[in-house]
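Note sheet for the following structure.
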Ligand SMILES: NC(=O)c1ccc[n+]([C@@H]2O[C@H](COP(=O)([O-])OP(=O)(O)OC[C@H]3O[C@@H](n4cnc5c(N)ncnc54)[C@H](O)[C@@H]3O)[C@@H](O)[C@H]2O)c1
């Protein structure tokens, strides 16, 4: 075994959905730096193009994960242009923070259709191609909210748990064909998604204090988990959730007993 190349993905075709911002953007740069031929896809084509322009050979595509036709068209284009699909990372997620009793139907449907149905659409389309090809690695984005909640996070949390079960099911279904499916579950990461929290120091600092590293993550700190799961370093890793949460879910944080 060549230990030096364990995390390399040279020549592999990598589709990053959500590549226009935050964790997806960082993942696109990190996967390209490890040798991937990166396709940057996002609902915001200009944002995907901005990232693709900074990566040699990368292409930008528009996709709306909540629409199965749009997702299927993306993968058909990739298949037609590249002839294979080795790695898919899907990050799009939105949140409407509200108590369940105040939630409106359209808000519920919006969060479900991007986070849960969107991830489902990607898992299904990528899974079909990879099953036929008999190889591939799919990485979805869950959250600490798949395990633990706070007021106002009910619907978002439900989607993040649902994503874990979809990932486990697809891993079970496609394992025999050599396709791996995993999730990354971040803690608090500084991105445009969480920028409203940054403008509230009490809220921002409370989240920093909640995890055992006592700080937020940078988006670039999600690159390692993604590259690991994409690469042959994770060749025996499937159906799992990699928590990159600074220890958020390890300690309950209510009280520090005197030691
Ligand atoms: N930032 C955090 O603290 C944090 C914590 C836990 C989990 N997560 C999860 O990580 C993932 C990425 O989060 P982020 O902070 O990078 O978010 P972000 O808002 O910075 O980026 C999301 C990207 O997805 C795109 N997008 C939104 N809706 C889309 C759609 N329908 N189709 C295609 N693209 C769409 C956006 O244009 C944007 O470029 C999300 O699933 C989020 O739930 C984030």
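Some notes on this structure:
- Enumeration of residues in the range 163-203 that are within 13 Å of the ligand (Cβ to nearest atom), buried (at least 23 other Cβ atoms within 10 Å of the Cβ) and either free of Cβ contacts under 8 Å to residues at least 12 places away in the same chain or in a helix (DSSP H, G or I) (or both): 163, 167
- Screening residue 110 against (1) assigned to a helix (DSSP H, G or I); (2) in contact (Cβ under 8 Å) with a residue 24 or more places away in the chain; (3) within 11 Å of the ligand (Cβ to nearest atom) leaves a single unmet condition, (2).
- Restricting the range 1-49 to residues that are within 9 Å of the ligand (Cβ to nearest atom), assigned to a loop (DSSP other than H, G, I, E, B) and at negative phi, the residue that is surrounded by the most Cβ atoms within 10 Å (Cβ to Cβ): 19
- Breaking point among (1) buried (at least 16 other Cβ atoms within 10 Å of the Cβ); (2) closer than 27 Å to residue 231 by Cα, for residue 84: (1)
- Given (1) in a helix (DSSP H, G or I); (2) within 13 Å of the ligand (Cβ to nearest atom); (3) in contact with a strand residue (DSSP E or B) (Cβ under 6 Å, 6 or more places away or on another chain), number of the condition residue 120 does not satisfy: (3)
- Criterion applied to 184, 155, 149, 188 was being touching a strand residue (DSSP E or B) at 6+ places or on another chain (Cβ under 6 Å) and modelled with pLDDT of 95 or more, and the one residue passing it is 184.
The values are calculated or read from the model by the stated rules, or taken from the named source; none is laboratory data. Keep in mind that this is a model prediction, so the values were computed, not measured. Glycine also receives a Cβ, built like all others from the backbone with ideal geometry; neighbour counts cover every protein chain displayed.
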